[in-house]
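In what follows, a single structure is set out as structure tokens and then discussed.
The numbers here are math on the coordinates, done by the rules we state, and not lab data. These figures come from a predicted structure and were not determined experimentally. Please note: Cβ atoms are built from the backbone with ideal geometry, for glycine as well, and neighbour counts cover all protein chains shown.
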Amino acid sequence: MRLKFVKDDIRLAMINLLFSQFSIISFFFLLICMIKQLIDDIIEN
């Protein structure tokens with residue numbers, strides 16, 4: 001019983017880590033897109 005609980009905890013921790021990593025990656029992706037847009041605007045003007 002206790003072992004299964006620990007396994008579920010580990011799985012939950014891994015999912016949490018994955019989501020936090022994903023949010024960081026998507027945040028950087030958004031940042032890069034915004035910077036690219038800004039640079040394109042500057043080049044056009």
Between the Cα axis of helix 2-44 and the main Cα principal axis of the chain, the angle (0 to 90°, nearest 10) is 0 degrees
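Given Cβ point charges of +1 (Lys, Arg) and -1 (Asp, Glu) and nothing else, what value in debye, to the nearest 20, does the dipole of the chain about its Cα centre take? Intermediate results must be reported in sequence, preceding the final value.
Numbers: 5 positive and 5 negative charges, 123 e Å.
Once rounded to the nearest 20, the dipole reads 580 debye.
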The chain: Rg to Rh, with Rh as the Kirkwood radius over Cα pairs = 1.48
